[in-house]
Structure formats: structure tokens, C-alpha cells
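Student: Dumping the structure here so I can ask a few things about it.
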Amino acid sequence: MADRMRWRFGRSKERYRLIAAETVIEIGDMVYDSADGVRPASDAPSLETFVAGFLGVAMQRSLAGQANTIRIESGAAFEFDCDDEELHPNGLVSPAVIDGRLQNQRVARAESRYVSIGRTLMRTPSGSAVVNV
């Protein structure tokens, strides 16, 4: 997936984290803190692991071979692609799972609050969801 600025509105909580040299992160990826550094959702071994270490949405990219610090934000509204017609305002969301892998820039309805990263604020006519993370 290509870089895509997903922030829509609201004051966010900004933080900076060091990314390992082999990790590729794109703008708009949901990221989590793992034992060896910040990683995108697709690198998480499970949804529970991702949610436990969830940091927010990457606002800068990190290419392979670059060990640098990137900006990560949370606490604001971000727009993500979704296929789930059951998403409704104030519904819980988590990263979508396709073929057993978490998606970096797509959300779906969360089964419980224990595996959620935020709440749906609204659906857009294009089929995406604005989510507060």
C-alpha cells in the first residue's frame, strides 16, 4: 500500500520512536511497539499482540535500510478503508485481517474491546470509516 495521509481532524498525541533498519513503514500505517522496535500491523504475530503494543498511526515513512525516528500520532480522527458494512458510529474497530495477516491501513469491526484500537466516528460515502484512535 502506498503512503496515504489518514489524519482528518482533532488534536493528536504526538510521539517519536526509533525504527529498526530492516522495517518498512509507510505514512498511514497502524504501528505497534514490539520487543525489537516499532513495527507495522502486518508484522504482528497476532491481533492481541498488536493491540497490546498499539502506538498509533505513522505520520512519516521509514524505508528498508534506514534506521531513523518517525512521528506517530494517536488521539485524533483518521480515515481508513474498510469493507465491513456493520461498522456504525461509536462501534469498536481493529485492524482488518485478510488471509491471516493484519492489514496496515484497513480496519474492521472488533469482536470485543480487548482487541480494539479505537471507535468509529462516521462512515463516508466512499466506503471508508473515520476512526478515533
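Student: Filter segment 62-92 down to residues that are closer than 21 Å to Glu48 by Cβ and in contact (Cβ under 8 Å) with a residue 60 or more places away in the chain and give me whichever is surrounded by the most Cβ atoms within 10 Å (Cβ to Cβ).
Tutor: Checked segment 62-92; the qualifying residue surrounded by the most Cβ atoms within 10 Å (Cβ to Cβ) is Phe80.
Student: So the check is Cβ under 8 Å with 6+ separation or different chains; which pairs have a first residue in segment 20-31 that's assigned by TED's automatic domain parsing to the domain that holds Phe50 and polar (S, T, N, Q) and a second one that's assigned to a loop (DSSP other than H, G, I, E, B) and at pLDDT below 90?
Tutor: Pairs that qualify, where the first residue is assigned by TED's automatic domain parsing to the domain that holds Phe50 and polar (S, T, N, Q) and the partner is assigned to a loop (DSSP other than H, G, I, E, B) and at pLDDT below 90, are Thr23/Ala64.
The rows are residues; the columns are (1) of a type in the set (Asp, Glu); (2) on the phi < 0 side of the Ramachandran plot; (3) at pLDDT 90 or above; (4) in contact with a Phe, Trp or Tyr (Cβ under 6 Å, 6 or more places away or on another chain).
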residue	(1), (2), (3), (4)
Arg4	no, yes, no, no
Leu18	no, yes, no, no
Glu22	yes, yes, no, no
Ile27	no, yes, yes, no
Val31	no, yes, yes, no
Leu47	no, yes, yes, no
Ala58	no, yes, yes, no
Ile72	no, yes, yes, no
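The values are calculated or read from the model by the stated rules, or taken from the named source; none is laboratory data. Please read all numbers here as calculations on a predicted model, not as lab measurements. Because the Cβ atoms are built from the backbone with ideal geometry, glycine has one as well, and the counts that use them run over all protein chains shown.
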